[in-house]
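Reviewing the structure listed below.
The values are calculated or read from the model by the stated rules, or taken from the named source; none is laboratory data. Values in this document were obtained by computation on a predicted structure and should not be read as measured data. Cβ sites come from the backbone with ideal geometry, for glycine too, and all protein chains shown count toward neighbours. These area figures cover heavy atoms from the full protein model, side chains too; ligands, DNA and RNA do not enter into them. Shrake-Rupley method; radii C 1.70, N 1.55, O 1.52, S 1.80 Å.
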Amino acid sequence: MVSSEVRDLLAQVPNWSLPDRPAAFRTIITTITSSPDPSHFAADLKAVTDAIFLYSLGVVATRALVIDLIDALKSLASGGPSTDSIDVNTSGIWLDVGKVIQEHIQSNPTLATSLVDQTATIYEDLIAAAYESQESFTDAAKTLAAIPLDSSQRRVSDKYKADLWIRIIRNYLEDDDATNAEIYLNKLKNIIHNVADDNPVLNLHFKLSAARIQDSNRQFLAASQSYYDISLSPAIAEEERLHTLSMAIKCAVLAPAGPPRSRVLGRLYKDERSASLEEYGILEKMFLDRLLTRAEVDKFAQGLAPHQLATTSDGSTVLAKAMVEHNLLAVSRLYRNIGFDALGSWLGLDGGNKAEEITARMIEQGRLAGSIDQIDRIIYFESGLEASGEKGSGRAEVPVGKEMRRQDGMVQALAEDLERITDDLLAEFPQLVPAGVPGN
């Protein structure tokens with residue numbers, strides 16, 4: 001409800017001459033902001049806003065009064081227009097009054113064209129900031145996206161665009177909306193080279209946003225490499241560097257098993273800082289191709305984000321799929337060959353057919369070297385052949401490859417040993433040679 005004092009002042013507006021009205025409105029705004037009773041603040045400012053736009057004061061006078069209204073709203077924040085200094089009441093007032101001002105501006109084409117800077121300030125410093133303080137991050141991102149950047153009345157620098165797009169990206173990522181965040185990241189890629197050298201913090205935010213989007217899109221190998229690069233940056237505090245290193249390890253663990261991941265794991269394992277992190281235990285086991293237990297996997301899962309525990313199209317989680325593939329690689333280091341059912345038991349799968357399917361996919365994708373005998377239901381691992389990570393590089397050239405050559409060699413050695421023993425016996429006991437045999 002509008003306070004009686006402001007209502008009385010506004011009732012006198014028709015009596016003011018046109019040149020005096022801007023100063024009179026400014027006096028009313030000052031009266032509102034200096035009032036000891038803040039309960040009428042929103043209603044009073046909205047009433048003044050309606051009156052300002054009701055009487056056509058001209059573009060110059062209206063612009064000045066809109067600036068006064070913006071300053072009056074900003075004065076409510078204890079530490080300035082930042083999210084941390086905005087309480088619930090302030091954010092509500094900023095939203096209510098800010099939207100009213102913006103609606104009046106947009107309803108007048110002349111003002112909408114002329115008050116572009118004020119429009120941007122209302123969206124950026126008031127409405128979006130209020131949404132952020134209320135943790136309505138998607139609404140904040142949409143508000144910031146409405147800020148005009150290409151206008152004949154307003155020229156903005158690449159630095160301003162980059163700061164704005166970074167803020168939009170971070171808001172979308174707070175709500176795990178990687179799809180919309182990536183749209184603005186792609187825009188940012190076109191100008192980041194113009195501002196990165198002079199703004200290392202901005203460049204760092206760009207890299208971190210890219211890593212978070214890769215993470216959200218389950219591009220875990222690329223995300224791990226991005227996080228690790230950020231962890232080496234001297235522009236952030238040691239605690240933040242360790243946090244991004246931890247994220248790099250988590251993403252590496254979740255990445256598809258194979259040579260590319262092994263290289264990333266090696267890089268992380270050799271970093272001396274990794275030993276101080278909680279994830280070091282699982283990192284060490286994965287780098288050394290050791291089998292992981294269910295308890296170790298469950299403990300690791302407690303530190304993962306929701307999207308890292310999401311269910312994939314085949315019904316399994318990202319983590320479960322990564323652990324099965326890793327343990328399959330670990331089994332390949334222990335066995336030359338193994339039956340489908342036995343492998344399924346090792347991997348904690350129901351039956352051997354699922355184990356065969358996973359193995360076949362990894363061989364086809366070049367992440368595991370070996371071959372499959374579907375008739376005998378046996379998988380042969382090529383311990384002497386390293387898959388390169390390229391599609392098809394894991395397939396053996398012959399059905400059983402090295403295993404068949406090894407068995408052939410064993411049979412040949414046995415036959416040669418048997419022949420040598422027979423010759424020695426006949427030389428020592430010639431009477432054993434049957435009659436009629438040549439050489440008797």
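For residues in region 241-261 being closer than 20 Å to S209 by Cβ and out of contact with any Leu (no Cβ under 9 Å at 6 or more places or on another chain), which is least open to solvent (accessible area, probe 1.4 Å)?
The selected residue is M247.
Report whether or not L309 is of a type in the set (A, V, I, L, M, F, W, C), closer than 25 Å to L173 by Cα, in contact (Cβ under 8 Å) with a residue 24 or more places away in the chain and surrounded by fewer than 18 Cβ atoms within 10 Å (Cβ to Cβ).
Against the criterion (of a type in the set (A, V, I, L, M, F, W, C), closer than 25 Å to L173 by Cα, in contact (Cβ under 8 Å) with a residue 24 or more places away in the chain and surrounded by fewer than 18 Cβ atoms within 10 Å (Cβ to Cβ)), L309 does not qualify.
Answer yes or no: is there a residue in region 79-86 that is modelled with pLDDT of 80 or more, under 23 Å from Y131 (Cβ atoms) and open to solvent by 20 Å² or more (accessible area, probe 1.4 Å).
No.
From the residues in region 8-17 that are open to solvent by 70 Å² or more (accessible area, probe 1.4 Å) and at pLDDT below 80, which one is farthest from L69 (Cα to Cα)?
The qualifying residue farthest from L69 (Cα to Cα) is N15.
Considering only region 109-130, how many residues are acidic (D, E) and within 28 Å of the chain's Cα centre (by Cα)?
2
If you go through region 233-240 one residue at a time, do you hit one that is surrounded by fewer than 22 Cβ atoms within 10 Å (Cβ to Cβ), of a type in the set (S, T, N, Q) and over 22 Å from D176 (Cα atoms)?
Yes - at least one qualifying residue is present in region 233-240.
Which of the following residues is modelled with pLDDT under 85 and either under 29 Å from Y380 (Cβ atoms) or among the polar types (S, T, N, Q) (or both): G344, G348, G266?
G348
How about region 18-39: which of its residues are among the aliphatic types (A, V, I, L, M) and open to solvent by less than 80 Å² (accessible area, probe 1.4 Å)?
A23, A24, I28, I29, I32
With respect to the numbered conditions (1) modelled with pLDDT under 90; (2) of a type in the set (A, V, I, L, M); (3) surrounded by 15 or more Cβ atoms within 10 Å (Cβ to Cβ), which one is the sole condition not fulfilled by I122?
(1)
Conditions first: (1) open to solvent by 20 Å² or more (accessible area, probe 1.4 Å); (2) touching a residue at least 24 places away in the same chain (Cβ under 8 Å). V264 passes all but one, so which condition is the exception?
Failing condition for V264: (1).
Check whether at least one residue in region 172-192 is open to solvent by less than 40 Å² (accessible area, probe 1.4 Å), part of a loop (DSSP other than H, G, I, E, B) and more than 17 Å from T143 (Cβ to Cβ), and report yes or no.
yes
Only one of I372, I358, I363 is buried (at least 17 other Cβ atoms within 10 Å of the Cβ) and over 17 Å from P256 (Cα atoms). Can you tell me which?
That would be I372, the only listed residue that is buried (at least 17 other Cβ atoms within 10 Å of the Cβ) and over 17 Å from P256 (Cα atoms).
Inside region 18-42, can you point out the residues that are at pLDDT below 80, outside any helix (DSSP H, G or I) and of a type outside the set (D, E, K, R)?
Residues satisfying the conditions are S35, P36.
Only residues in region 78-98 that are closer than 16 Å to T33 by Cα and of a type in the set (F, W, Y) count as the first member; pair them with residues that are in a helix (DSSP H, G or I) and modelled with pLDDT of 85 or more, Cβ under 9 angstrom, at least 6 apart or cross-chain, and list the lot.
Close Cβ pairs satisfying both conditions: W94/L73; W94/K74; W94/D125; W94/L126; W94/I127; W94/A129; W94/A130; W94/S133.
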